[in-house]
Amino acid sequence: MIFGFDPSRDPRKILIWTLVALGGLVMIMPFAFMISTSLKGRGEVYDLRLVPLAPTLENYTYLFRETKFVRWFLNSFSIASISTISVLFFDSLAGYVLCKYRFKGRQVVFVAILSTLMIPTEMLVIPWYVMSKNMGWLDTYWGIMFPGMITGFGVFLMKQFFETVPDALIDAARIDGLGEFRIFWEVALPLVTPALSALAIFTFLGSWTAFLWPLIVTNSSSNYTVPVGLASFSGEFSTEWNMIMTGAAVATIPTLVVFILLQKYIIRGVILSGVKG
Amino acid sequence: MASVSLSGIVKRFDRTVVVHGIDLDIADGEFVVLVGPSGCGKSTTLRMIAGLEDLTAGQIRIGERVVDRLEPKDRNIAMVFQNYAIYPHMTVRKNIAFGLRMAKLPKPEEDRRVREAAEILGLVDLLERRPSQLSGGQRQRVAIGRAMVRNPAVFLFDEPLSNLDAQLRAQMRLEIKKLHQTLGTTVVYVTHDQVEAMTLADRIVVMRDGRIEQVGAPTELYRRPASMFVARFIGSPSMNMIPGVIAEGVGAVGLDGVGTVSGLGELENASAGRRVFLGVRPDDLRVATEAGGGPLSLEARVGVIEPLGPETLVYAEVGGRELVAKADGRISLRRGDVVRLVADVDELHVFDAETEVVLRR
């Protein structure tokens, strides 16, 4: 409703428009400063002007040549991708079973899964660490990934969405001769793609920006993810703001790509999850 | 094609028994309609035949085979669902061919069958469309097409017309009947609509609370209902029921506050004083303007008049009770007119008030 209105007609809309514009400005400022700082030389960092006096790409050159940023980027990317694929598969499978099958203890299992949503990561970090240590997973990719391979949130989201798939469709597929897994894969799953897209975005972004657990479980700098790597630019005595901003600027790119590719689904997915959830 | 035989089938969900031991034999090529109010177990029975629900007890045969333990796909059946259940993400062609592809039929044979079904159902121009681009009637045709191409021994229909508007429903009803006449396949059809049951069925099975109330040809159920339930369920408007009591002497019933009907002949195990209901169908109740004899002749005051064109429904008050009669469409009556409602003895039904079983057919 915001677009295509004529402000001269309705003063209330001028107010709304102004507020929205201000909000947008507030949102975009950190990004503008991030880009701007990444283009500043070391001496100019604490000079808070938006347009650098002497723009330079030396931060970028340094980031790619002298640090392990490329490695961190690939680490983050593969971990986020694998987690996302795993979450999409297992969460939708679990959600489907909880939604469409009647079996003893179904409700108990569902409540148990939901209850995991109420435990904050900070509380889980210690048991995860102990577990990783016992299993020999410390400082490995699997160590970083394992807590996020299946998520309670995703199971919940998918279960709710599978409610929209009519049972008769599943019965029809049974009569058509499909096996149970293929009914899930070929009939039910294609009908919940908006939910899958939303879940993919949530999971990918969540994994991409995860900080606390990767920081704890990794030791060697070659196993760092992007956020942990960027944090390492902040030392005990000084913080290389220009490097952090440069790394952050590059790290924003995949999230932008994911969002642009899937935005029509995420908006639909968020709306739907609002309705369904 | 095949016969279907149910013996003693029981279905229990947790602690509730929804189907209490049904026995039913359906002949090869027969069109059988299971009808009853919602929750009577008709859909569950159909789903048990399809193999979508397990039996708690009993046995189902399709043709010579016992199918209790077979998967739905191995039972040689096809099913059409109330909400069509066609795959929204596939084209009409893929929807129809899906089962055949699963059965790994050779491609030319698959194409031939899809084309044949599409021609019969008038879907040829729609084959590349998606379900979202189809109307309700077209979607249901696709669902029927998907069932047809499988060349099943038995067609199962689960309230296939309930989601369609009245006009389309009548049209599809006719098409289903024609289809049955063309293919000659055994059909088991579930509906709660007695008009559908009457028009389609070779035999109707009236169900109530998980039990079979009566099985018979449509006219038999209409003319000779075995219980008050069947009498009320079949026919529209419902059969008039006048409470009364069996009087002394042979074949006489005293109607509460209205008078006595006699000449009913022998009533099955009926003793004087027993509470009964006298039933008479609206179409058997004639509206006469002058006094006349007859086993049933009631003075009535006309209330509401509903002209339907060829006939007129006359709601008239008799002794504080409203009865409905179906009169000729040309009758001229006004609210408040005093008339006589007359019926012949052959058209009167007597039901036990307690057991609701018929005492006189």
Which loop GluC sites (Glu not before Pro) in the range B:286-361, with loop taken from DSSP, have no more than 14 other Cβ atoms within 10 angstrom of their Cβ? B:GLU290, B:GLU354
Roughly how many nanometres apart are two label points built 7 Å out from the Cα toward the Cβ at A:ALA231 and A:VAL20? 3.8 nm
Suppose only helical runs count, i.e. DSSP H with n ≥ 4. What mean residue ellipticity at 222 nm does that imply for chain A under -39500 (n - 2.57) per run, divided by all residues and rounded to the nearest 500 deg cm²/dmol? -22000 deg cm²/dmol
Could you give me the radius of gyration and the Dmax of the range A:67-276, taking only the C-alpha atoms into account and expressing both in angstrom? 19.5, 70
Per-q log10 I(q)/I(0), the protein assembly as shown, q = 0.07, 0.09, 0.12 Å⁻¹ (Debye; single scatterer per alpha-carbon; no solvent): -0.70, -0.93, -1.22
Subtracting the Cα-Cα distance of B:ARG335 and B:GLN133 from 0.36 nm times their residue separation yields 67.7 nm
Return the distance in nm (one decimal) between the two label points of a simple spin-label model at B:GLU347 and A:MET27, each offset 7 Å from Cα along Cα→Cβ. 7.5 nm
So the angle from the long Cα axis of helix B:136-148 to the longest Cα principal axis of chain B, reported in degrees to the nearest 10, equals 60 degrees
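Please give the total accessible area that chains B and A bury against each other, computed with a 1.4 Å probe and expressed in Å² to the nearest 100.
About 1500 Å² of accessible surface is lost on pairing.
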So what is log10(I(q)/I(0)) for the range B:49-93 at q = 0.14, 0.23 1/Å, when the Debye sum runs over its Cα atoms only? -0.45, -0.85
Tell me the volume per residue, in Å³, of the convex hull enclosing the alpha carbons of chain B. 162 Å³
Euclidean distance of C-alpha centroids, the range B:301-352 and the range A:88-150, integer Å: 71 Å
Can you tell me the accessible area per residue over the protein assembly as shown, all protein chains present, probe 1.4 angstrom, in square angstrom? 50 Å²
Out of the range A:85-118, which trypsin sites (Lys or Arg not before Pro) are coil in DSSP terms and have no more than 14 other C-beta atoms within 10 Å? A:ARG102, A:LYS104
Estimated inter-spin distance, A:ASP167 and A:SER81, nm [label 7 Å along Cα→Cβ]: 4.1 nm
If you keep only loop residues by DSSP, which chymotrypsin sites (Phe, Trp or Tyr not before Pro) in the range A:68-126 have at most 11 other Cβ atoms within 10 Å of their Cβ? A:TYR101, A:PHE103
P(r) histogram, all alpha-carbon pairs of the range A:33-177 included - 10 Å bins from 0, percent: 9, 22, 23, 19, 16, 8, 3, 0
Nonlocal amide H pairs with B:VAL276, under 5 Å, H built at 1.01 Å: B:GLY244, B:VAL245, B:ILE246, B:ALA353
Of A:LYS100/B:LYS42; A:LYS104/B:LYS73; B:LYS11/B:LYS42, which sit over 18 Å apart, Cα to Cα? A:LYS100/B:LYS42; A:LYS104/B:LYS73
Rounded to two decimals, the Debye log10 I(q)/I(0) of the range B:287-361 (Cα scatterers, no solvent) at q = 0.15, 0.26, 0.28 Å⁻¹ is -0.57, -1.18, -1.25
Relative to the isolated chain, which residues of the range B:72-89 have their accessible area cut by 20 Å² or more in the presence of all protein chains (1.4 Å probe, heavy atoms, no ligands or nucleic acids)? B:PRO72, B:LYS73, B:PHE81, B:ASN83, B:ALA85, B:TYR87, B:PRO88, B:HIS89
Kirkwood calc, the range A:1-56, C-alpha pairs only, radius in angstrom 13.6 Å
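Relative to the Cα centre, what is the charge dipole magnitude of the protein assembly as shown, using +1 at the beta carbon of each Lys and Arg, -1 at the beta carbon of each Asp and Glu, and rounding to the nearest 20 debye?
1620 debye
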Rounded to whole angstrom, the alpha-carbon centroid of the range B:16-67 lies from that of the range B:236-284 at a distance of 36 Å
Which value in deg cm²/dmol, rounded to the nearest 500, describes the helix-derived mean residue ellipticity at 222 nm for chain B, given -39,500 (n - 2.57) per DSSP H run of n ≥ 4 and division by the residue count? -7000 deg cm²/dmol
Cα centroids of the range A:171-206 and the range B:191-216: how far apart, whole angstrom? 38 Å
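The values are calculated or read from the model by the stated rules, or taken from the named source; none is laboratory data. Note that this is a predicted model, so its numbers are computed, not measured. In this analysis, Cβ positions are derived from the backbone assuming ideal geometry, glycine residues included, and neighbour counts consider all displayed protein chains. Quick note on the areas: whole protein, heavy atoms, side chains included, nothing else; ligands and nucleic acids left out. Shrake-Rupley method; radii C 1.70, N 1.55, O 1.52, S 1.80 Å.
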